[in-house]
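One structure is given here, and the rest of the page talks about it.
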Amino acid sequence: MQHYDVIIVGGGMVGAGLACALSGQGVRIALVESVRAAVRTEPGYDDRAIALAYGTRRIFEGLKLWDALSGSATPIHRIHVSDRGYPGKVNMDREAEGLPAIGYVVPARDIGRVLTDAVNQRDDVDMYCPASVAAVSHEAGQVLVRVTQADSEVSMTAAVLVAADGADSALREQAGIGCRRIDYGQTAIVTNVTPQLPHDNVAWERFTDTGPLALLPMSEQRCGVVWTVGSDQADAVMALEDAEFLARLQERFGNRLGRLQRVGKRQAWPLQLVSATQSVAPRMALVGNAIHTLHPIAGQGFNLGARDIAALAEVLVDAIRAGEDPGSAQVLERYAEWRRRDHKNVTLFTDGLVRLFTLPVPGLGMVRSAGMLALDLLPPAKRLLTRLTMGRSVQTPRLARGLPL
Ligand SMILES: Cc1cc2nc3c(=O)[nH]c(=O)nc-3n(C[C@H](O)[C@H](O)[C@H](O)COP(=O)(O)OP(=O)(O)OC[C@H]3O[C@@H](n4cnc5c(N)ncnc54)[C@H](O)[C@@H]3O)c2cc1C
């Protein structure tokens, strides 16, 4: 029988990030992940370009991992939002926000590699991988977890169990936590392209009648592409020859970056909204996609998960330092209460954007266009939007201020 303070199930970006945050704080941690790290970091496994908000950079600084990640990070100096076929556009730039960058684009694989390497170097984190949870039960003020690894079974106890096991969280379901689920009927085609003109560190978000399209600045003058198409067309788009794919993409995006020249491997991600009705249960806390799986339209999912990490780590470490039981209902409710507004605001904002730009309502395009023109001319409104997407509208955890726990 192994004894821990915290058992984290799911070693994706959020679960591994939480293990790094708790490490070094006198907390014994187990991290249980079902897919081998070597597979998760191999080329092509997850080549998405992830846009990190400036606030998420601060969290990585607080984790002392930004130096390891910054070599793979391309700064975003400006975000340009437009609506295909309409004049409205919105520009957000770093000068107006008084920041060195509005955000950064980092390949998901590099975030995974940096976090996994860090976890492997910590003595206070035991990694069980590939392994999965066979059973969870409660006894005498602790949670008892049976984990299957290879052909053997390990039993472990902890004060708190963290569900970081993604959109289809089995722990969430076992705990009886319900969720709202919307299948958007859309699929994100993810790849990267090399345009003829330099990207100049601009992130382009273009709304089109077939779904949003983002081109994000990356290293070597490449752009990460997230192209949303109807799920009924996804197979056909995935099967296109490279030249035909580039021609279709060019037609959707326009000529702002000159000719789109080279294209990398493509991946397809079906899109859905999953929103859990609660973020805690007895002796259990949910983080990341297990609570909120969002459409990537505004690049918010991991940023929101990073703020879960910062808040939960702070609540648990403060409770342990104060001699409290970190798995008690009062302590976990502090985390739930802290995160409630941010979850609600960002989920509403993201889902609202999807609807605003995909509903086939006559005349809606002109209303949108007028709204975007107005937003572009109103710096305070833009600042409010930036604050929302950076999580600045809520009480900021210590890690998100770049401070140690
Ligand atoms: C196309 C696309 C583009 C995106 N772009 C952005 C962006 O620009 N910016 C942004 O902030 N976000 C973005 N996101 C969202 C972001 O990718 C997710 O929010 C983030 O990956 C969630 O991480 P997670 O660790 O919570 O979940 P996951 O990545 O799903 O990780 C869950 C982990 O749990 C493991 N697991 C599951 N079940 C078990 C079990 N029973 N036992 C053990 N392990 C288990 C899985 O193997 C996995 O490793 C994007 C998403 C998509 C689809």
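Bear in mind that the values in this text are calculations on the coordinates, not laboratory data. What you see is a predicted model; the values in this text were computed from it and never measured. Every residue, glycine among them, receives a Cβ derived from its backbone with ideal geometry; neighbour counts consider all protein chains shown.
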The chain: relative contact order in percent, alpha carbon pairs under 8 Å with at least 6 residues between: 22 percent
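Counting other Cβ atoms within 10 Å of each Cβ, which GluC sites (Glu not before Pro) in the range 54-112 have at most 11 and sit in a DSSP loop?
none
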Listed peptides 118-124, 170-176, 326-332 by packing density, highest first (mean Cβ within 10 Å): 326-332, 170-176, 118-124
Most fluctuating residue given options 239, 30, 313, as computed from a GNM of the chain linking Cα atoms under 10 Å: 239
For the chain, built as a Gaussian network whose Cα springs stay under 10 Å, the top-fluctuating residue of 249, 63, 294: 249
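Mind listing which chymotrypsin sites (Phe, Trp or Tyr not before Pro) in the range 1-55 are in a DSSP loop and have 11 or fewer other Cβ atoms within 10 Å?
none
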DSSP bridge orientation in the chain - percent antiparallel, rounded to nearest 5: 75 percent
Sorted by Cβ neighbour density within 10 Å, fewest at the top, the residues 366, 1: 1, 366
For the chain, built as a Gaussian network whose Cα springs stay under 10 Å, the top-fluctuating residue of 34, 169, 137: 137
Spin-label model distance (nm) - residue 395 vs residue 181, 7 Å beyond Cα toward Cβ: 3.4 nm
Net charge of neighbours whose Cβ lies under 12 Å from the Cβ of residue 16, counting Lys and Arg as +1 and Asp and Glu as -1: +1
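Mean residue ellipticity at 222 nm from the helices of the chain, using -39,500 (n - 2.57) per DSSP H segment of n ≥ 4 over the full residue count, to the nearest 500 deg cm²/dmol? Kindly include the intermediate steps, with their values, before the conclusion.
Values: 13 runs with 148 residues, N = 405.
Counting only the DSSP helices, I get -11000 deg cm²/dmol.
Give a quick list of trypsin sites (Lys or Arg not before Pro) in the range 24-67 that DSSP marks as loop, anything other than H, G, I, E or B, with at most 13 other Cβ atoms within 10 Å.
When the trypsin sites (Lys or Arg not before Pro) of the range 24-67 are filtered for loop state and at most 13 Cβ neighbours within 10 Å, 36, 64 remain.
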Likely footprinting exposure, 47, 5, 209, fewest C-beta neighbours within 10 Å first: 209, 47, 5
Cβ-based exposure ranking for 74, 293, in which fewest neighbours within 10 Å come first: 293, 74
Using alpha carbons only: equivalent-ellipsoid semi-axes of the chain, gyration tensor based, whole Å: 37, 22, 20
